[in-house]
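Structure, as structure tokens:
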Amino acid sequence: MNPDRIEALAETLADRDWAVLEVPEALPLLRRVAGEAQALAVSGRLRPAATGRAGGRRFAGLRGDSTLWLDDPACGPAAGELLSALDGLRPALNRRLLLGLEAVEAHFARYPPGAGYARHVDRFAGDDTRVLSLVLYLNEDWPEEAGGQLRLHLPAGPVDIGPRLGTMTVFLAGEVEHEVLPATRPRLSVAAWFRRRSLRGA
Ligand SMILES: O=C(O)CCC(=O)C(=O)O
Ligand SMILES: [Fe+2]
């Protein structure tokens, strides 16, 4: 992402809890990442996602995606490059927004047709370390009627974001309720979370 873009992102987040931007400069990397994601999906490396961490509990029906962390050894070089690029955003975000972000984690997600993710926030009970959520979409040529929008539930009303390659959405993990609407075709993305050290003193 170029420096102007990072600056624009920080400026938007200084004003409000969410931002949507186009990142055309990242398209070559994102296309390689999309290729790797597709290969991982075909070879069955993505696993049905669980929500929450406590006790490994699963909430069947809340979400229908399958995921794989980008630092998994099965991932390719583009995944590693993307993870480094995301980590490279931390200093600028910390400088501009004083967020104290110490790490980033990211996973591939694939929603099969008909699957979504019910309304939620990205900070789980017992885990206060997720500060910023960032989603990058990996779907080339995504028509609006295919569905699959990310719906942000904002005080002023809902905002829908199509999961198109080159679109990036960032929001405050603990504040912004959101959901993934079902799509008529497979929907690929990378979801990332910038974390700070737990304030619970664990
Ligand atoms: O893919 C998206 O648009 C959002 C995914 C999401 O909300 C999550 O993984 O927590
Ligand atoms: Fe989420």
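The table below gives the values:
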{"read-out": "Cβ-Cβ FRET estimate between ARG185 and ALA92, R0 fixed at 41 Å, reported to 0.05", "value": "0.75"}
{"read-out": "Added length on full extension, which subtracts the Cα-Cα distance from 0.36 nm per residue, ARG196 to ARG16", "value": "62.8 nm"}
{"read-out": "Mean separation of Cα contacts under 8 Å (6+ apart) over length of the chain, as relative contact order %", "value": "27"}
{"read-out": "Per residue, in Å², the accessible surface of the chain once ligands and nucleic acids are set aside, probe 1.4 Å", "value": "49"}
{"read-out": "Simple spin-label estimate for ALA103 and ARG32 in nanometres, 7 Å along Cα-Cβ", "value": "2.6"}
{"read-out": "Rel. contact order, % - alpha carbon contacts under 8 angstrom, at least six apart, segment 97-202", "value": "47"}
{"read-out": "J(HN,Hα) series, segment 111-121, from Karplus relation 6.51 cos²θ - 1.76 cosθ + 1.60, nearest Hz, glycine and proline x", "value": "9, x, x, x, 8, x, 9, 4, 3, 6, 10"}
{"read-out": "Inter-label distance, nm, simple model (7 Å from Cα along the C-beta direction), GLU25/HIS120", "value": "3.3"}
{"read-out": "Pairwise FRET efficiency - GLU7 versus LEU62, Cβ, R0 = 41 Å, nearest 0.05", "value": "0.70"}
{"read-out": "Accessible-area value, TYR111, 1.4 Å probe, nucleic acids and ligands omitted, Å²", "value": "10"}
{"read-out": "Global geometry of segment 12-126, whether rounded, prolate or oblate, following the gyration tensor of its Cα atoms and the 1.5 cut on a/c", "value": "oblate"}
{"read-out": "Accessible area of segment 4-135 belonging to carbon and sulfur atoms, whole % at 1.4 Å probe", "value": "53"}
{"read-out": "The chain: C-alpha gyration tensor shape, a/c 1.5 cut-off, then a/b vs b/c", "value": "rounded"}
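The values are calculated or read from the model by the stated rules, or taken from the named source; none is laboratory data. Everything numeric here is computed off the predicted structure, so don't read it as measured data. When we count neighbours, we look across all protein chains shown, and the Cβ atoms used for this are built from the backbone with ideal geometry, even at glycine. Surface accessibility is based on the protein's heavy atoms, side chains included, excluding ligands, DNA and RNA. Shrake-Rupley method; radii C 1.70, N 1.55, O 1.52, S 1.80 Å.
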